[in-house]
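The values are calculated or read from the model by the stated rules, or taken from the named source; none is laboratory data. It should be emphasised that the depicted structure is a prediction, and the values quoted were computed from it without experimental measurement. Here the Cβ positions follow ideal geometry from the backbone for every residue, glycine too, while neighbour counts run over all protein chains shown.
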């Protein structure tokens with residue numbers, strides 16, 4: 001049956017990390033509601049397959065993809081340039097991409113991978129698309145965060161890239177991951193760095209809401225829940241353990257995407273900015289997430305890491 005009620009018709013939406021999990025479901029629903037949807041992923045074949053599936057399921061031909069590794073500053077800049085050449089408007093930006101890495105890795109730019117992908121890429125892509133969002137106002141920035149941010153008391157400006165050695169450092173091999181998996185799974189350094197990037201995402205969301213006040217562009221964040229998805233793929237034994245736990249305790253991708261979709265589409269949220277949502281309800285964030293001085297410092301650090 002072809003959908004006749006399309007409340008997002010005429011809107012242009014970008015969803016990152018949209019070839020799997022809650023990003024894919026979010027993109028699918030935006031397309032079903034009539035939006036022009038640009039999905040972003042790093043694998044061209046998966047992007048193509050996702051676009052074809054969404055077009056087929058929603059009877060919406062206005063679904064396209066742009067391919068980029070969002071841990072690479074060069075690829076993010078190219079992605080933004082390609083988008084701005086093709087499209088005049090951007091009404092909704094859903095920064096959904098994210099991952100956790102149980103062995104410390106660095107991006108092509110020499111940035112710790114969790115920070116590069118989960119936060120710094122979000123910061124850069126949002127900055128590059130801000131003019132398009134402002135020109136399309138009312139427009140929305142939707143940042144997928146996590147309640148994991150509560151596990152860190154404040155952003156670590158001394159060691160933001162978790163380069164420490166010795167006690168508390170990342171394991172140097174898969175054997176270290178096996179030890180954590182068997183002995184103390186939730187003490188893994190990867191979780192602390194993941195939590196830090198999600199705290200940074202909330203700090204960025206609050207700061208964007210302040211800087212964009214009066215522009216017609218809102219910025220909100222959300223916790224999707226513990227989602228049983230492909231989030232932990234590629235992390236060996238530890239990733240296997242995480243997948244098992246998520247399947248037992250987590251929500252499915254449809255439930256996990258509900259708040260992202262709500263923030264992207266709900267008419268009643270047009271004037272709401274700087275808020276954090278859990279299960280489609282506003283929840284207060286920690287003092288660390290709301291710290292304006294720390295947020296300004298994080299903004300400066302981000303610009304330094306990006307050489308801007």
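The table below lists the values:
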item: Within the stretch 279-308, tally of residues that are crowded, with 17+ Cβ neighbours inside 10 Å and modelled with pLDDT under 95; result: 0
item: Residue selected from the stretch 163-180 under the condition buried (at least 20 other Cβ atoms within 10 Å of the Cβ) and either farther than 25 Å from residue 110 by Cα or at pLDDT 70 or above (or both), by the criterion farthest from the chain's Cα centre (by Cα); result: 180
item: Some residue of the stretch 125-144 being assigned to a loop (DSSP other than H, G, I, E, B) and over 20 Å from residue 270 (Cβ atoms); result: no
item: Count of residues meeting criterion [touching a helix residue (DSSP H, G or I) at 6+ places or on another chain (Cβ under 9 Å) and closer than 20 Å to residue 124 by Cα] in the stretch 265-308; result: 15
item: Selected residue (criterion: farthest from residue 264 (Cα to Cα)) from residues of the stretch 145-156 that are in contact with a strand residue (DSSP E or B) (Cβ under 9 Å, 6 or more places away or on another chain) and not in a helix (DSSP H, G or I); result: 146
item: Considering residues of the stretch 102-146 that are modelled with pLDDT under 95 and surrounded by 19 or more Cβ atoms within 10 Å (Cβ to Cβ) only, the residue farthest from residue 258 (Cα to Cα); result: 104
item: Output for the stretch 12-41, where each listed residue is assigned to a loop (DSSP other than H, G, I, E, B) and free of Cβ contacts under 8 Å to residues at least 60 places away in the same chain; result: 19, 34, 35
item: Residue 9 more than 20 Å from residue 126 (Cα to Cα), without any contact (Cβ under 8 Å) to a residue 12 or more places away in the chain and not in a helix (DSSP H, G or I); result: no
item: Yes/no for residue 38 being in contact with a helix residue (DSSP H, G or I) (Cβ under 8 Å, 6 or more places away or on another chain) and within 16 Å of residue 118 (Cα to Cα); result: no
item: Matching entry among 26, 36 (being touching a strand residue (DSSP E or B) at 6+ places or on another chain (Cβ under 7 Å) and more than 18 Å from residue 122 (Cβ to Cβ)); result: 36
item: Residues located in the stretch 57-88, provided they are in contact with a strand residue (DSSP E or B) (Cβ under 7 Å, 6 or more places away or on another chain) and assigned to a helix (DSSP H, G or I); result: 79, 82, 83
item: Helices (runs of 4 or more DSSP H) completely within the stretch 181-278 that count 1 or more residues being under 23 Å from residue 105 (Cβ atoms) and modelled with pLDDT under 70; result: 236-249
item: Tally of residues being outside any helix (DSSP H, G or I) and either without any contact (Cβ under 8 Å) to a residue 12 or more places away in the chain or in contact with a strand residue (DSSP E or B) (Cβ under 7 Å, 6 or more places away or on another chain) (or both) across the stretch 89-124; result: 15
item: Residue match in the stretch 86-93 (condition: over 17 Å from the mean Cα position of the chain (by Cα) and at pLDDT below 95); result: yes
